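The values are calculated or read from the model by the stated rules, or taken from the named source; none is laboratory data. The structure presented is a predicted model; accordingly, all values stated were derived computationally and were not measured. Cβ atoms come from the backbone with ideal geometry, glycine included; neighbour counts cover every protein chain shown.
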Amino acid sequence: MWGKLHRLIVVSPLLFVKGRSTVLAMNLAARLSIFNLSAIARQMDVSRQAIDQWLLKRVPEARVKELSQITHIAPEHIRPDLYGAK
């Protein structure tokens, strides 16, 4: 139960992210919520806190494809500003 509650607490600040669509930020957070973020962090050789920062801000351009391969989330859903339709 605490795990689900913790995810809601971590995700809720995304409503206030400046310069980013709230819907897109919440969509990425929702997609990643089914994964063990600590396991993703270990696979990517970054800290869990780095993953949390990516959810609050944005995934660094250099990490988008790697995150996409691990999670099977399309790059255009992770960073639509870089990989979205033009």
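Yes or no, residue by residue, for (1) crowded, with 16+ Cβ neighbours inside 10 Å; (2) under 14 Å from the mean Cα position of the chain (by Cα); (3) closer than 20 Å to residue 83 by Cβ; (4) modelled with pLDDT of 85 or more:
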{"residue": "1", "(1), (2), (3), (4)": "no, no, no, no"}
{"residue": "28", "(1), (2), (3), (4)": "yes, yes, yes, no"}
{"residue": "31", "(1), (2), (3), (4)": "no, yes, yes, no"}
{"residue": "35", "(1), (2), (3), (4)": "no, yes, yes, no"}
{"residue": "38", "(1), (2), (3), (4)": "no, yes, no, yes"}
{"residue": "41", "(1), (2), (3), (4)": "yes, yes, no, yes"}
{"residue": "58", "(1), (2), (3), (4)": "yes, yes, yes, yes"}
### Task
List the number of the failed condition for residue 13; all other conditions in (1) surrounded by fewer than 16 Cβ atoms within 10 Å (Cβ to Cβ); (2) modelled with pLDDT of 90 or more hold.
(2)
### Query
Conditions: (1) surrounded by fewer than 16 Cβ atoms within 10 Å (Cβ to Cβ); (2) modelled with pLDDT of 75 or more; (3) assigned to a helix (DSSP H, G or I). Residue 64 meets all but one. Number of the miss?
(1)
